[in-house]
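What follows is one structure encoded as structure tokens, with my remarks underneath.
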Amino acid sequence: GAVKHPGVYELSTTPKIKNLLERAELVREARKDLIFLKRTNDDGTTSILQVDGNEVLANEGSSNNLLLEHQDEIVVDSLSRFVDKSTIKVSGAVRHEIEHSYDASGRMTVRSALNLAGGTLSDAADQAFILRTNSNNTTEKEYIRVDIKEVLDLSQGKADIALSPDDELIVLSNSESDDIKLITISGSVRIESELEYAKNLEIRDAIMLAGGLQREASGVIDVYRNTYEAAASSFRTEVFSVKVGTNYEPENAGSFALKPGDKLVARKLDHFESKAIVTIQGEVNQTGQFALIKNNETVSELLTRAGGLTSEAFSEGAYILRDSTKNLVLDLKKAMLSTNSASNYILKDGDQIVVPKIENIVYVDISNTQAHNTLGQDSLQWWIGVPYEEGKSASWYLESFAGGPANFLEDPIEYVKSPNGGLSRSKNKLWLFKKQPKVNVGSTIGYLSAKNNSTWNTDGDRHKSLLRLRKGVIINMDRERIQTLKTN
């Protein structure tokens, strides 16, 4: 506690409280009349004894000078622990807003508090308020009006006003409130800004302070103004449209005068669009970023401008990534052969066209095959790459390289996912044989269960479900995520 040398002492050197207090040396602010002795009893409980330190230090034979025992603890509190700590605040139109410790002598007054705050500002009003808190109930407050001019005018001989603990002196300002003093400008300007109002501020000045108009600005500035109507005791909003020229001078309103609180909005030209950029990656003669140079520019038009495909382009695997998340299925051969092809998409800003390099591989999903049964359910291998052989069906690949469907799979059907993201499946034709989907280079093939598979509808024509899927439903199947879920 309030001692110079806190710590642990040998009982043999400090057998009594007086010895220990003298060794530890009390600091000046220590409360000597109330010292506590904490003692641990044999049963593990603690007793707290109150000792008058003044008496102990003055008289060694005092009954308060107890013999100490092993593990006794002496606690000496500081006088500040027994005093309510109060402050005085000064805020508002003063040079320095302050929060100062309350003068316990009671000599703190409004005048001395203002002097501590550096005095009042030039726009300070004559009136101020003291916000006072009831010391017996801190939730109860009251406002006391103060005439600052009288308090500071010493020639009048007016009595100063004493402040109480936790008072806040609030000095009012003659200026208008901050929100009314501001003018805002937004819209097609380079820097949307809040400007402090001045009587000589004009629309031209506000535009220049906002960095000027953007390229797409129409030159029309709408000014919104709240006007108070005394008869209706309400505000109404007025709108003024001001056309400005190249030097931002108003053309149709003369010297339009701004008022505090006005909101200026620079209007944008109708149908203005910033330059759209599309990125081309992969096996195209010119790759990188390309600007769309006309409305509704298509895939074939842009790829033609980029020099066309390289000899190693794998057009069956081409796709478009839109909005960084949507993978658009792209039949690039059809798009390049016919401008009217449904795959000849109209491009938009941010699109990425990806044309991979040709490869001679087909990927086999072995998750529902005999191959995975052989590897075991704990295996992390779910996909294998095998050589592409032209004309071979999905079932041929699955039988040849994965041993056919797993025993647990009911009514297996083959699926083929094309490199460009398209999805198709085998289906019974006249209940005699299955019509197999075409397998291209880079395709992924595997088995699904016709009886327990939510990917396909169980109605008569499942192919219609596939067509609806290709019109806009995006299914993102992350292989690592699926692998983790299956393993767990």
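Between THR40 and ALA342, full extension at 0.36 nm per residue minus the direct alpha carbon distance yields a gain of 99.8 nm.
Here the Karplus relation 6.51 cos²θ - 1.76 cosθ + 1.60, evaluated at θ = phi - 60°, turns the backbone of segment 341-357 into coupling constants of 5, 5, 7, 7, 4, 7, 7, 9, 4, x, 4, 10, 9, 10, 10, x, 7 Hz, with x for every Gly and Pro. Distance from a point 7 Å along Cα→Cβ of SER135 to each backbone N in segment 106-126: keep the residues under 13 Å and list them by number. Output list for this probe position: 106-108. So what's the net charge close to VAL362: Lys and Arg +1, Asp and Glu -1, counting the other residues with Cβ under 14 Å from its Cβ? Every neighbour counted, the sum reads -4.
Projecting label points 7 angstrom from Cα along Cα→Cβ for LYS326 and ALA230 puts them 5.8 nm apart.
For SER218, the residues whose amide H sits under 5 Å from its own are ARG267, LYS268, LEU269, ignoring neighbours fewer than 5 places away on the same chain, with H placed 1.01 Å from N.
For segment 46-80 versus segment 110-141, the inter-centroid distance based on Cα atoms is 45 Å. Placing dummy labels 7 Å off each Cα toward the beta-carbon, the span from LYS16 to GLU194 is 7.1 nm.
Rounded to 0.05, the FRET efficiency of the LEU116 and SER80 pair, given R0 = 25 Å and the Cβ-Cβ distance, is 0.70. Find the relative contact order for the chain and round it to a whole percent, using C-alpha pairs within less than 8 Å whose residues are 6+ positions apart. Rounded, it is 8 percent for the chain.
For segment 1-59, taking Cα atoms only, Rg and Dmax work out to 12.1, 37 Å respectively. The residues packed around ALA313, meaning those with a beta-carbon under 13 Å from its beta-carbon, carry a net charge of -2 if Lys and Arg are +1 and Asp and Glu are -1.
Rounded to the nearest Hz, the phi-derived 3J(HN,Hα) couplings of segment 280-292 under the Karplus curve 6.51 cos²θ - 1.76 cosθ + 1.60 (θ = phi - 60°) are 10, 10, x, 8, 10, 4, 10, 10, x, 9, 10, 8, 6, where x marks glycine and proline.
Per the Debye calculation on segment 1-157 with a single equal scatterer at every Cα and no solvent contribution, log₁₀ I(q)/I(0) for q = 0.12, 0.20 Å⁻¹ amounts to -0.69, -1.23.
What the phi angles of segment 54-59 give under the Karplus curve with 6.51, -1.76 and 1.60, with θ = phi - 60°, is a coupling list of 4, 5, 4, 6, 7, 9 Hz, glycine and proline written as x. Between ASP52 and LYS438, the contour length at 0.36 nm per residue exceeds the alpha carbon distance by 128.9 nm.
Scanning residues 5 or more positions from LEU182 or on other chains, those with amide H under 5 Å from its amide H are TYR197, GLY261, with H placed 1.01 Å from N in the peptide plane. Seen from LYS38, the other residues with C-beta closer than 12 Å to its C-beta sum to a net charge of -2, counting Lys and Arg as +1 and Asp and Glu as -1.
Take the Cα of LYS333, go 7 Å toward its beta carbon, and the backbone nitrogen atoms of segment 291-310 under 20 Å from that spot belong to 299-301, 303-304, 308-310.
Shown for segment 175-226 is the translational diffusion coefficient from the Stokes-Einstein equation, using the Kirkwood radius over Cα pairs, a temperature of 37 °C and a viscosity of 0.692 mPa s: 279 µm²/s. Computed from the alpha carbon positions, the gyration tensor of segment 107-215 leads to an equivalent ellipsoid with semi-axes of 43, 18, 10 Å, biggest first.
For volume of the Cα convex hull per residue in Å³, one of (1) 324; (2) 420; (3) 189 was computed from the structure I shared and the rest are decoys. Which label? Comparing each candidate, only (2) matches the computed number.
The lysines whose alpha-carbon is closer than 24 Å to the alpha-carbon of LYS427, local same-chain residues fewer than 8 away aside, are LYS392, LYS417, LYS435, LYS438, LYS451, LYS464, LYS471.
On the beta carbon distance between GLN352 and TRP383, with R0 = 22 Å, the FRET formula returns roughly 0.35. Only helices enter the 222 nm calculation for the chain: every DSSP H run of n ≥ 4 contributes -39,500 (n - 2.57), and dividing by all residues gives -4000 deg cm²/dmol, rounded to 500.
For VAL242, the residues whose amide H sits under 5 Å from its own are ILE221, ASP222, VAL223, ignoring neighbours fewer than 5 places away on the same chain, with H placed 1.01 Å from N. Roughly what would the spin-label model give for GLU73 and PHE240, points 7 Å off Cα along C-beta, in nm? According to this spin-label approximation, the distance is 7.5 nm. Taking a straight line from the alpha carbon of LYS141, these aspartates and glutamates sit under 13 Å away, with near neighbours fewer than eight places off in the same chain left out: ASP166, ASP167, GLU168.
Any read-out appearing in this document is the output of simple, stated calculations on the displayed coordinates, not a laboratory observation. It should be emphasised that the depicted structure is a prediction, and the values quoted were computed from it without experimental measurement. Here Cβ is always computed from backbone atoms with ideal geometry, including for glycine, and neighbour counts include all displayed protein chains.
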